[in-house]
1. Every residue in region 34-49 that is part of a loop (DSSP other than H, G, I, E, B) and touching a strand residue (DSSP E or B) at 6+ places or on another chain (Cβ under 7 Å), please.
2. Given the criteria under 23 Å from residue 186 (Cα atoms), open to solvent by 20 Å² or more (accessible area, probe 1.4 Å) and in contact with a helix residue (DSSP H, G or I) (Cβ under 9 Å, 6 or more places away or on another chain), does residue 118 qualify?
3. Go through 108, 148, 97 for me and flag whichever is touching a strand residue (DSSP E or B) at 6+ places or on another chain (Cβ under 9 Å), open to solvent by less than 30 Å² (accessible area, probe 1.4 Å) and closer than 20 Å to residue 28 by Cβ.
4. Could you please let me know if residue 143 is surrounded by 21 or more Cβ atoms within 10 Å (Cβ to Cβ) and closer than 24 Å to residue 64 by Cα?
Amino acid sequence: ILLFSGLSLANDPADGMFGTRQIKSLNTEQARELSEIQGPVLDLSGLKSIDQSAANELAYWPNRQPSPKPAKIYMHLRPLKLPSLKLPKGRANFPVVILGITSIDKSVAHELASFSVKELELNGLTTLDKDSATELAKFSGKLILNGVKTLDKDSAQALSKFQGTAIELTGIESLDDDTHSILMADRRIITRR
């Protein structure tokens, strides 16, 4: 078991690297420490909310170098050096962040859009307002929003200015015709309808 600034994390691959899927809340200091973990995926799917300062610290993952003094991270009360995982060829530059957050505001969306990762998965979001959509549209990778059930015209218009590679919105259950037309105008936006 790893103790991470008050977080207890099990080293179980089925529960994310270092048990990160079990994390339910995250303060700024803990987010900074997590941003030092080296590996292909930062899976925080158990995290239901995040504030702007913690999101800002996570935005440094995976490019932040581990601290020279791992004083906050212990295994059986001994300092632990964070591992660096080797990725198969062709996947070395494919970092993914998975967040289970269920709501965001404009300031958090702004921080999330600054993440330097290939994929940002926010499947816990069921709705998306125009301001948050405007900020998320600035993300440069693949944005996965499969938890979003409905989207209004203004939010769809904001997403239509997306700067990344693709947006997945396969959880959409209802769209009016205008909103559907806006989304279908961009081949990078993937929906089921």
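The values are calculated or read from the model by the stated rules, or taken from the named source; none is laboratory data. The structure presented is a predicted model; accordingly, all values stated were derived computationally and were not measured. Every residue, glycine as well, gets a Cβ built from its backbone with ideal geometry; the counts of neighbours run over all protein chains shown. These accessible areas exclude ligands, DNA and RNA; they are computed on the full protein's heavy atoms, side chains included. Shrake-Rupley method; radii C 1.70, N 1.55, O 1.52, S 1.80 Å.
1. Looking only at region 34-49, we keep the residues that are part of a loop (DSSP other than H, G, I, E, B), and these are 35-40, 45-49.
Hits for region 34-49 are 40, 45, 47.
2. On the way: under 23 Å from residue 186 (Cα atoms): yes; open to solvent by 20 Å² or more (accessible area, probe 1.4 Å): yes; in contact with a helix residue (DSSP H, G or I) (Cβ under 9 Å, 6 or more places away or on another chain): no.
For residue 118, the condition - under 23 Å from residue 186 (Cα atoms), open to solvent by 20 Å² or more (accessible area, probe 1.4 Å) and in contact with a helix residue (DSSP H, G or I) (Cβ under 9 Å, 6 or more places away or on another chain) - is not met.
3. Numbers: 108 fails: touching a strand residue (DSSP E or B) at 6+ places or on another chain (Cβ under 9 Å); 148 fails: closer than 20 Å to residue 28 by Cβ.
Only one candidate passes the filter, namely 97.
4. Details: surrounded by 21 or more Cβ atoms within 10 Å (Cβ to Cβ): yes; closer than 24 Å to residue 64 by Cα: yes.
Judged against the criteria, residue 143 is a match.
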